[in-house]
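The values are calculated or read from the model by the stated rules, or taken from the named source; none is laboratory data. All figures in this text were calculated on a predicted structure; none of them were measured in a lab. Every residue, glycine among them, receives a Cβ derived from its backbone with ideal geometry; neighbour counts consider all protein chains shown. Protein only, heavy atoms only, side chains kept; ligands, DNA and RNA dropped before computing areas. Shrake-Rupley method; radii C 1.70, N 1.55, O 1.52, S 1.80 Å.
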Amino acid sequence: MQEHYQPSAIETAAQEKWEKARLFNVSEDSSKPKYYCLSMFPYPSGKLHMGHVRNYTIGDVLSRFKLLNGYNVMQPMGWDAFGMPAENAAMKHQVAPAKWTYENISYMKQQLKSLGFAIDWEREIATCTPEYYRWEQWLFTKLFEKGIVYRKNGTVNWDPVDQTVLANEQVIDGRGWRSGALIEKREIPMYYFKITDYAEELLADLDKLENWPEQVKTMQRNWIGKSRGMQVRFKVDADSRSGLEGEYADYLQVYTTRPDTLMGATYVAVAAEHPLATAAAADKPELQAFIAECKSGSVAEADMATMEKKGVPTGRYVINPLNGDKLEVWIANYVLWGYGDGAVMAVPAHDERDFEFAAKYALPIKQVIAVAGETFDATKWQEWYADKENGTLINSGKYDGMNFQTAFDTMAADLQAAHAGAPKTQYRLRDWGISRQRYWGCPIPIIHCDCCGDVPVPAEQLPVVLPEDVVPDGTGSPLAKMPEFYETTCPKCGAPAKRETDTMDTFMESSWYPFRYMSPRFEEGMVEPQAAAYWGAVDQYIGGIEHAILHLLYARFFTKLMRDEGLINVDEPFERLLTQGMVVCDTYYREGENGSKNWINPADVELTFDEKGRPVSAVLKADGLPVIISGTEKMSKSKNNGVDPQALIDAYGADTARLFMMFASPPEQSLEWSDSGVEGAHRFLRRLWRTVYEYTTKDNTVAAFAGDQSGLSKALKELRFKLHSTIAKVGDDYGRRLQFNTAIAAVMELLNQYDACVKNGDCDSAEGRAVAQEVLEAAVRLLWPIVPHICETLWSELRPGTALWEAAWPQTDEDALVKSEIEIMVQVNGKLRGKITVAADASKDTVEAAALASDGAVKFMEGKPAKKVIVVPRRLVNIVV
Ligand code: ANZ
Ligand code: ZN
């Protein structure tokens, strides 16, 4: 055995050994329980970052733990390969997105391989390949035929200079990120998924996800946003109907969750897109100008919530159905066209947005809800105005004195009788618009024919292949400028027709990849039925909390869509979810000339520490001059505080990187990068190596201790007790608690006790040697999930000619867990005065005698006789004097 730990040599050898044994290549095997462990697949941005390494190490620890426990473990990996960064890089470097993407994939794959993850590489997928997106297109056409995918106009951000549609994140302060032009809103036809049809199921099934973080479920619930309210119809005043047609001429319908406040409505507000707004603006240029203003600007909902509230009166009136009040209709920018009925009954006294608006435009504020002990003051907003639980109606005629629920029910009955409204359940969730006017994405498989309309591409003509040799220039979609792509014939009538040139939202690909991994090369369909039946759902999913809403919701939605197509047989994709914390690091900077901060990478900084190990000063390695230490933040480009995992792997090996990541903090919490933590991890591995080296070079290896331990020395019994309690604890930490740092700490403690025994000569005897063998064989198996290369190598020194994984997870020996001796507290008059050690099966009399004779008892009884001795078996003895 090599005397020194040399990671680079042993890591490659261990990886080759696993590969040769095809240890991680799995197929359906009904003789074993299955375990499908999935980490969110990476976007191939160029190279791995620390967050990836952390994410994939967590998945790997769980996979390997299950593998040793006899599970048929599938851990696949692939590439979420479509998306904007490829187009941005393409424009910058004049290289086709496809080429850039495939090159990144090959580099990152080699990086992942060097980390020794237990991945079944034969299942690798890249979502930008036609073999993959073909099935996405196929499902799209099926759902289009079913009406779950439909086409309607949607609003997009339009950059008038670049002549292109921008994503919300490409609009910065209302301007295009490249051109700087003021962004306009535009209505264009887009494809939508009717996720709202599944809103109720998506909400209800959250309750089944017992092993998901509560926080994630809450975020999903809020996103779906179920609310129970009422649709109320306000009759349009006879003089206000011009230009309105159909039901809009009869009444203005609003959606409210607070019908109990109906008597407090003092105006009504509609969205700029509302027909009443259009009609009112017909002969009023100032209204037209306001409508135009509302229609420009960002479409992001977050901006809508924070922007200044503005509005204009229309001069048109509607009638409150319950009290006949005549209310003026305003057009207001805070009313969304896409929600409810695009109109609200405004109750400034009890709705904060309406309050702000009414205050600004001096509109009346009428209190209709009172809360005992509170005084209403129309000059300032108070939280209790919106209190629905404790409020009682006032100023509301026959409804006075009712609480929310009674008012709701009574008004519902009255409104229904008057054909002026009815209860309605509403979701905040909108249908999912998936059209993107971009090149690097999955082509939407629709053909537009003048006679037949929108015709889905027939299955046998799929995939619609995206040309890969295109370099976009940022001005509009390249596909729309390629007749060779879009010119085609109608599959129905054969007439010349035009292909859709929009591509799909890249969230589409990540919504169903967990299922494609089950049969990644299957050419007859999206998923191979037997593989899908065997693997079922993902047992453990691991990824960043930033995907808590959209990705996880869309993946849940797709699971239900695929189930309803008869493709799979599960309702939910992810049994258990772990959201790992961020990797954070200190930031360093120097002031630039104009007061700007020039961020300096941690790798270029040298720190000085105080005696407690806290950094006190920092200098730039290059010039030895000071830099400013700033806060700890998520590793990011903007603060230049990313540490390249490759440098870490190159310097210390994959095992050190993995150990550091798993030891520094529990998976859900943020992990603080520290050089000293990395060095500490590396030191531990060197020590582990040394421990086994000293053991194997001292003498021959032997069979591990097994069987009756009654003849062992006290020290060896204690060591076995430690060993077997550690096995139990580590199994629980990996398998149930998902806490790896405590598992590592437990093995470290075990090795400390082992070292002490070795120093003491306890392990020199034949039995001692057998127990030592037992301890070391177990320790390397307990650590294998975390640091597999070193453990695999040490195993082959301990048990030459065998492989670690064949030995399986160590079993606990119940005998070893029975303590032969126990500690018992000794109290005198109820105060703790000492401890005694007695045989675990000692009789009550023996325990009592030992307690009375103990130093503490003798001292504190001060020679007085014991009046009473109380013995609590196996716990304590209380002596009363
Ligand atoms: C009157 C009222 C009084 C309201 C009150 C609230 C408090 P959630 O809970 O999110 O469903 N609303 C309805 N449609 C809207 C739209 N298109 N744009 C903006 N706001 C709209 O919200 C429902 C509430 O949001 C509704 O209840 C309505 O204001 C407003 F003391 O009606 B409420
Ligand atoms: Zn046709």
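For the residue pair GLU374 and ARG241, what label-to-label distance in nm results when each label sits 7 Å from Cα along the Cα-to-beta-carbon direction?
4.1 nm
In whole angstrom, note down how far apart the Cα centers of region 725-783 and region 383-423 are.
Each part's Cα centre sits 67 Å from the other's.
Longest exposed-loop-site-free stretch of the chain, with GluC sites (Glu not before Pro), DSSP loop and at most 12 other Cβ within 10 Å? If you can, show how the numbers build up before the last one.
Values: sites that count: GLU3, GLU210, GLU245, GLU308, GLU389, GLU523, GLU524, GLU593, GLU611, GLU862.
Here the longest segment lacking exposed loop sites spans 612-861.
Return the Cα extents of region 812-881 along principal axes one, two and three, sorted largest first, each rounded to a whole Å.
Extents along the principal axes: 47, 18, 17 Å.
Modelling each spin label as a point 7 Å along the Cα-to-Cβ direction, I'd like the LYS864/LYS360 distance in nm, to one decimal.
8.1 nm
At 222 nm, what value in deg cm²/dmol follows for the chain if DSSP H runs of at least 4 each add -39500 (n - 2.57) and the sum is divided by all its residues, to the nearest 500? Please report the intermediate quantities before stating the final value.
Numbers: 29 runs with 317 residues, N = 881.
So the calculated ellipticity at 222 nm is -11000 deg cm²/dmol.
Against the longest alpha carbon principal axis of the chain, how many degrees, from 0 to 90 and to the nearest 10, is the axis of helix 654-664 turned?
Around 80 degrees separate the two axes.
Among PRO514, GLY324, MET50, whose Cα lies farthest out toward the positive end of the dipole of the chain, if unit charges sit on the beta carbon of Lys, Arg (+1) and Asp, Glu (-1)?
It is MET50.
From the C-alpha gyration tensor of region 500-562, pull out the three semi-axes of the equivalent ellipsoid (sqrt of 5λ each), sorted largest to smallest, in whole Å.
Numbers: eigenvalues 87, 64, 18 Å².
With the √(5λ) rule applied to region 500-562, the semi-axes are 21, 18, 9 Å.
If a/c stays under 1.5 just call it rounded; otherwise compare a/b with b/c (prolate if a/b is bigger, oblate if not). Do that for region 698-793, with a ≥ b ≥ c from the square roots of the Cα gyration tensor eigenvalues. Each step should come with its number before you reach the end.
Details: a/c = 2.05, a/b = 1.61, b/c = 1.27.
Taking the square roots of the gyration eigenvalues as a ≥ b ≥ c, region 698-793 is prolate.
Taking the Cα centre of each part, how many Å lie between region 644-718 and region 480-517?
Computed from Cα coordinates, the inter-centre distance equals 53 Å.
For region 257-403, what does the convex hull of the Cα positions come to per residue, in cubic angstrom? Intermediate values should be presented prior to the final figure.
Working: hull volume 16.5 nm³, N = 147.
Cα convex hull per residue, to the nearest whole number: 112 Å³.
Could you give the size of the charge dipole of the chain about its Cα centre, using +1 on the Cβ of each K and R and -1 on the Cβ of each D and E, expressed in debye and rounded to the nearest 20? Working shown, then result.
Numbers: 96 positive and 122 negative charges, 324 e Å.
Charge dipole of the chain: 1560 debye, to the nearest 20.
What is the percent carbon and sulfur in the accessible area of the chain, measuring with a 1.4 Å probe over the protein chains and ignoring ligands?
Values: 19320 of 38870 Å².
It is 50 percent, rounded to a whole number.
With everything on Cα atoms, drop me the angle between helix 352-361 and the longest principal axis of the chain, reported from 0 to 90° to the nearest 10.
It is inclined by approximately 40 degrees.
Just subtract the alpha-carbon distance of LYS99 and VAL881 from 0.36 nm times their residue separation and send over the number in nm, one decimal.
Working: separation 782, 0.36 × 782 = 281.52 nm, distance 8.78 nm.
Value of the extension gain: 272.7 nm.
Length gain on complete extension for the stretch ARG686 to GLN215, per 0.36 nm per residue less the alpha carbon to alpha carbon distance? Mind dumping the intermediate values first?
Details: separation 471, 0.36 × 471 = 169.56 nm, distance 3.98 nm.
Computed gain between ARG686 and GLN215 is 165.6 nm.
Could you tell me which residue out of GLY180, GLY801, ALA839 lies farthest along the dipole of the chain toward its positive end? Charges go on the beta carbon: Lys and Arg +1, Asp and Glu -1, centred on the Cα centre.
Result: ALA839, furthest along the dipole toward the positive end.
Going 7 Å from the Cα of GLU806 toward and past its Cβ, which residues in region 60-96 have a backbone nitrogen under 17 Å from where you end up?
Under 17 Å, as judged by backbone N against the label point of GLU806, lie 68-70 of region 60-96.
Put a dot 7 Å past each Cα toward the Cβ at GLU767 and ASP755; how far apart are the dots in nm?
Going by the 7 Å Cα→Cβ label model, 2.7 nm.
Over the Cα atoms of region 203-245, what Rg and Dmax result, in angstrom?
20.4, 59
For region 195-201, in order, what is each residue's ³J(HN,Hα) by Karplus, 6.51 cos²θ - 1.76 cosθ + 1.60 with θ = phi - 60°, in whole Hz (x at glycine and Pro)?
5, 5, 4, 9, 3, 5, 5
Which one, VAL455, ASN641, PRO76, is farthest towards the positive end of the dipole of the chain when Lys and Arg carry +1 and Asp and Glu -1 on their Cβ?
Of the candidates, ASN641 comes out farthest on the positive side.
So what is the relative contact order of the chain, in percent, for Cα pairs below 8 Å that sit 6 or more residues apart? Walk me through the numbers before you get to the answer.
On the way: 1580 pairs, mean separation 118.9, N = 881.
Normalised by residue count, the contact order of the chain is 13 percent.
How far is helix 84-93 tilted, in degrees, relative to the longest principal axis of the Cα atoms in the chain, given as a value from 0 to 90 rounded to the nearest 10?
Result, in degrees: 90.
With the other protein chains left in place, how much accessible area per residue, in square angstrom, belongs to region 338-497 at a 1.4 angstrom probe? Can you show the working numbers first?
On the way: 7420 Å² over 160 residues.
Per-residue accessible area for region 338-497 comes out at 46 Å².
Show me, for region 642-651, the HN-Hα J-couplings you get by feeding each phi into the Karplus relation (A = 6.51, B = -1.76, C = 1.60, θ = phi - 60°), rounded to Hz, glycine and proline as x.
x, 9, 6, x, 4, 4, 5, 5, 4, 7
Using all alpha carbons of the chain, what is the percent of pairwise distances in each 10 Å bin, ordered from the shortest bin to the longest?
Result, from short to long distances: 2, 10, 15, 17, 17, 15, 11, 7, 4, 1, 0, 0 percent.
Using a Förster distance of 35 Å, how high is the FRET efficiency between TYR339 and ASP400, based on the Cβ-Cβ distance and rounded to 0.05? Can you show the working numbers first?
Values: r = 31 Å, r/R0 = 0.89.
Once the sixth-power term is evaluated, E becomes 0.65.
Efficiency by 1/(1 + (r/R0)^6): what FRET value for ASP855 and GLU814, r their Cβ-Cβ distance, R0 = 45 Å, to the nearest 0.05? Before the final figure, lay out each step's value.
Numbers: r = 35 Å, r/R0 = 0.77.
Calculated value: 0.85.
Can you give the FRET efficiency to the nearest 0.05 for ALA480 and SER670, using r as the Cβ-Cβ distance and R₀ = 51 Å? Intermediate values should be presented prior to the final figure.
Values: r = 44 Å, r/R0 = 0.86.
With R0 = 51 Å, the Cβ-Cβ based efficiency is 0.70.
Considering Cα pairs under 8 angstrom that are at least six residues apart, work out the relative contact order of region 722-881 and quote it in whole percent. Mind dumping the intermediate values first?
Values: 189 pairs, mean separation 26.2, N = 160.
Once normalised by length, the contact order is 16 percent.
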